[in-house]
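Okay, so here's the structure we're looking at.
The values are calculated or read from the model by the stated rules, or taken from the named source; none is laboratory data. Source: prediction; values computed, not measured. Note: ideal-geometry Cβ built from the backbone for every residue, glycine included; neighbour counts use all protein chains shown. Accessible surface is based on the protein model in full, side chains and every heavy atom, while ligands, DNA and RNA are left aside. Shrake-Rupley method; radii C 1.70, N 1.55, O 1.52, S 1.80 Å.
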2 protein chains.
Amino acid sequence: MGLVVQKYGGSSVADAEGIKRVAKRIVEAKKNGHQVVVVVSAMGDTTDELIDLAEQVSPMPAGREFDMLLTAGERISMALLAMAIKNLGHEAQSFTGSQAGVITDAVHGKARIIDVTPGRIQQSVDSGNIAIVAGFQGVSQDSKDITTLGRGGSDTTAVALAAALNAEVCEIYTDVDGVFTADPRVVKKARKIDWISFEDMLELASSGSKVLLHRCVEYARRYNIPIHVRSSFSGLQGTWVSNEPQGDQPMEQAIISGVAHDTSEAKVTVVGVPDKPGEAATIFRAIADAEINIDMVVQNVSAASTGLTDISFTLPKTEGRKAVEALERTKERVGFDSLRYDDQIAKISLVGAGMKTNPGVTATFFEALSNAGVNIELISTSEIRISVVTRADDVNEAVRAVHSAFGLDSENDEAVVYGGTGR
Amino acid sequence: MGLVVQKYGGSSVADAEGIKRVAKRIVEAKKNGHQVVVVVSAMGDTTDELIDLAEQVSPMPAGREFDMLLTAGERISMALLAMAIKNLGHEAQSFTGSQAGVITDAVHGKARIIDVTPGRIQQSVDSGNIAIVAGFQGVSQDSKDITTLGRGGSDTTAVALAAALNAEVCEIYTDVDGVFTADPRVVKKARKIDWISFEDMLELASSGSKVLLHRCVEYARRYNIPIHVRSSFSGLQGTWVSNEPQGDQPMEQAIISGVAHDTSEAKVTVVGVPDKPGEAATIFRAIADAEINIDMVVQNVSAASTGLTDISFTLPKTEGRKAVEALERTKERVGFDSLRYDDQIAKISLVGAGMKTNPGVTATFFEALSNAGVNIELISTSEIRISVVTRADDVNEAVRAVHSAFGLDSENDEAVVYGGTGR
């Protein structure tokens, strides 16, 4: 049997009991004959406590020092985990991101992995050890400074190591049983997905599903590393994310993978934009210069009578103020009438590669929303996704209606605690 | 002006307020024109909390992992300190022991420094930064594993860096005003020492004075680095430890530097040892093989009538059980009568290079103890020290009597809070 990379999030190692429970699970994999490399996040609230300390000493902590601070968290959890494993009679060694060969660029707080040179890790597992690696961190190529990878960093560390070590699978352990057809907090009858393709998972991740982040799935797809998302609390099989189904999974992909929703966005509408070349470019250059990532962009044909059009886009609520200010500064140059800002919106997305070849999906989707009395404000589609923007108040009703309309409801209610995945 | 190394212990950086206070003091040194390298310990109770976590996951944590765990503490304090300094408008960079070039052997938990290659630190201060270095930690020469230096490790880091960087002085900041002529908790009239030679400081440190550890002073003496021990809370001059007095310090050394006491030791007496060659060697080989460090050793001439003698020695109380067990195993071979173990003792030491040339010091010392009604159980002397063992109950009375007899009492009571020095 080959090498397995396992990743445990902060909620799985929140305290000494959690660490001991995780240690047992790791040892099981080793006993089953695998070489095991473990990537671990900081314990529970450690990161928040460190951030709190930083804010007490400085309102604007420098990136280099902030990264040095935060990486202490994984150092603690990984050392404790190695101790707990050794206490079970198995050999374990812990490694920082730098020791594990996670080489990044120098963008502190959201560094990107440039290369992984896992020589020490390979040597450690070849000598019979279980290797424990700090997630979320690396070392910059030129300056040799400690960096952090930003949100979802530990998942990305795990997938990157799995790729560099030619692992059979990257297991992402979290506090939920896998990826669901909808958020189980909203849809009681949501079902756990047994297998989902990289493409559908990418769409779900960009549409508000929080179990796996886009970045980690993208990395896994590029290197074709199967991901198995599962609970560190139960022993159940979770969700496999890969190019092809694994083992006894259904060979044919479901038409629809799931319904995702997102209430973290706001909508900006630029009203009365002269319909001539270059106006949209000016608007979105202003947004880009303010370093704001936008999501959906919608422009309708202009009313022939006025020669004016409206451009709407969505963006994270946290960037709303900055975006409006940036646009106000272009008002004269672009010559638009006014700006509307609306943060009481929700985005509902239906994802499934099957919709490409199944006519009527779009119609069923809109009918479901209509029957539920949900008004649609914006529509945007890709080959394997339809997204709409609705009022925030309507979101739960809308998700349940769509989930039901596509036959995704399970027979019986599942009781699942659904939470964050740490980092 | 040259380069200054400053070391701050855990009590000086116990919380965000402490870190900000220390940052201001560091910036002052920089403003005065010095290049500044700072060595910092873990915040207040961090180390104890990490040890507590380790004990929860494993009764016998492995050294390599335990070191990895503990070094997270300095990572936190050094990053926060760098942020606090930057917040005051000065440039600062933090460095782990490994980044700072602190190369050690591979004895986890009490590694010894083999070499210091402070290239990155020198570069950092030459570029105008204040360099913040994690105390207490290094990286092993061969295996590149993270190591800790054991007790007093941060002081040793500071002195070692000061030596490698050719610093003018190594300032050790702590929560007391300096080295005193006796423990101020015992002797209210104890005086702060303005200057003390390396030799006398070494004797005080081995005799129970806790402000500086023997190891750090020994390192400073070898490389002739003046140490200035002072309070991080007051702005006062502290105690200089060096070969020669500095600046306006008294050129002639006092006859007596101070009185130290130690209640952490126990006494073992091997009763009825046959007075023939090799017996003492067998006894102390057994102790050495058990890796126990002993302190005083006393043997009297044997009683001519019996040909038997008694051998007594002192050792840390924590090693008492192990020592007695090791000796019991040699009983038959050595042929001694019995063992006596006594942990209700105290050691009182008088230290001063001046006693070499001043007759009567020993007599005055014993008279003072006699007048105070203190019985002497063991005596041991060096050229610049006299030590006696007494009952533990007598220790405070004995220290006060000796301190007074040698004219060390100050005119007025000083109110000083006297505590540990962190690590």
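Looking only at residues of the range A:15-37 that are assigned to a loop (DSSP other than H, G, I, E, B) and open to solvent by 50 Å² or more (accessible area, probe 1.4 Å), we find that the one that is farthest from A:GLY152 (Cα to Cα) is A:ASN32.
Quick one: is B:GLY10 more than 22 Å from B:GLN123 (Cα to Cα) and crowded, with 18+ Cβ neighbours inside 10 Å? For B:GLY10, the condition - more than 22 Å from B:GLN123 (Cα to Cα) and crowded, with 18+ Cβ neighbours inside 10 Å - is met.
In the range B:170-179, which residues are open to solvent by less than 10 Å² (accessible area, probe 1.4 Å) and on the phi < 0 side of the Ramachandran plot?
Narrowing the range B:170-179 to residues open to solvent by less than 10 Å² (accessible area, probe 1.4 Å): B:170, B:172-174, B:176, B:178-179.
Those that are open to solvent by less than 10 Å² (accessible area, probe 1.4 Å) and on the phi < 0 side of the Ramachandran plot: B:CYS170, B:ILE172, B:TYR173, B:THR174, B:VAL176, B:VAL179.
Among the residues of the range B:38-66, count how many are more than 8 Å from chain A (Cβ to nearest Cβ), open to solvent by less than 40 Å² (accessible area, probe 1.4 Å) and not hydroxyl-bearing (Ser, Thr, Tyr). Reasoning before the result, please.
Residues of the range B:38-66 that are more than 8 Å from chain A (Cβ to nearest Cβ), as a first pass: B:38-49, B:51-52, B:55, B:63.
After this cut, where a residue has to be open to solvent by less than 40 Å² (accessible area, probe 1.4 Å) as well, the list is B:38-44, B:46-47, B:63.
Cutting the leftovers down to not hydroxyl-bearing (Ser, Thr, Tyr) gives us B:38-40, B:42-44, B:63.
Of the residues in the range B:38-66, 7 are more than 8 Å from chain A (Cβ to nearest Cβ), open to solvent by less than 40 Å² (accessible area, probe 1.4 Å) and not hydroxyl-bearing (Ser, Thr, Tyr).
Checking the structure you have, find out if any residue of the range A:222-233 is modelled with pLDDT under 90 and not hydroxyl-bearing (Ser, Thr, Tyr). Yes: one or more hits. The residues in the range A:79-111 that are open to solvent by less than 10 Å² (accessible area, probe 1.4 Å) and within 7 Å of another protein chain (Cβ to nearest Cβ) can be counted, and the count is 6. Selection of the range B:294-312 for residues being part of a strand (DSSP E or B) and free of Cβ contacts under 8 Å to residues at least 40 places away in the same chain yields B:GLN299, B:ALA303, B:LEU308, B:THR309. List every residue pair whose Cβ atoms sit under 7 Å apart, with the two residues 6 or more apart in sequence or on different chains, where the first one lies in the range A:17-36 and is within 14 Å of chain B (Cβ to nearest Cβ) and the second, anywhere, is in a strand (DSSP E or B) and open to solvent by less than 50 Å² (accessible area, probe 1.4 Å). Matching pairs, first to second residue: A:VAL22/A:TYR8; A:ILE26/A:GLN6; A:ILE26/A:VAL36; A:ILE26/A:VAL38; A:ILE26/A:ILE130. Filtering B:SER12, B:SER77 for residues that are under 26 Å from the mean Cα position of the chain (by Cα), assigned to a loop (DSSP other than H, G, I, E, B) and within 18 Å of B:ASP155 (Cβ to Cβ) leaves a single hit, B:SER12. Checked against (1) within 24 Å of B:ARG391 (Cβ to Cβ); (2) in contact (Cβ under 8 Å) with a residue 40 or more places away in the chain, B:ILE283 meets all criteria but (1). The listed residues are A:ALA158, A:ALA163, A:ALA131, and the only one of them that is in contact with a Lys or Arg (Cβ under 9 Å, 6 or more places away or on another chain) and either on the phi > 0 side of the Ramachandran plot or open to solvent by 20 Å² or more (accessible area, probe 1.4 Å) (or both) turns out to be A:ALA163.
Residues in the range B:255-266: is at least one modelled with pLDDT under 90, open to solvent by 60 Å² or more (accessible area, probe 1.4 Å) and within 26 Å of B:ALA346 (Cα to Cα)? Scanning the range B:255-266, I find at least one residue that is modelled with pLDDT under 90, open to solvent by 60 Å² or more (accessible area, probe 1.4 Å) and within 26 Å of B:ALA346 (Cα to Cα), so the answer is yes.
Where helices (runs of 4 or more DSSP H) fall entirely within the range A:313-423, those with at least 1 residues that are modelled with pLDDT under 90 are at A:331-334, A:361-371. Quick one: how many residues across the range B:373-389 are within 21 Å of the chain's Cα centre (by Cα), of a type outside the set (D, E, K, R) and either crowded, with 19+ Cβ neighbours inside 10 Å or over 17 Å from B:ILE256 (Cβ atoms) (or both)? Going through the range B:373-389 one residue at a time, the tally reaches 6.
Is it fair to say B:SER404 is without any contact (Cβ under 8 Å) to a residue 24 or more places away in the chain and among the hydroxyl-bearing types (Ser, Thr, Tyr)? Step through it out loud before you land on a result.
Values: without any contact (Cβ under 8 Å) to a residue 24 or more places away in the chain: no; among the hydroxyl-bearing types (Ser, Thr, Tyr): yes.
No: the conditions fail for B:SER404.
Quick one: would you say A:ILE76 is touching a helix residue (DSSP H, G or I) at 6+ places or on another chain (Cβ under 9 Å), of a type in the set (Val, Ile, Thr) and open to solvent by 10 Å² or more (accessible area, probe 1.4 Å)? It is true that A:ILE76 is touching a helix residue (DSSP H, G or I) at 6+ places or on another chain (Cβ under 9 Å), of a type in the set (Val, Ile, Thr) and open to solvent by 10 Å² or more (accessible area, probe 1.4 Å). Of all residue pairs spaced 6 or more apart or on separate chains, those with beta-carbon atoms under 8 Å, a first member in the range A:186-213 that is farther than 20 Å from A:VAL169 by Cα and open to solvent by 20 Å² or more (accessible area, probe 1.4 Å) and a second member that is basic (Lys, Arg) and outside any loop (DSSP other than H, G, I, E, B) are A:GLU203/A:ARG385.
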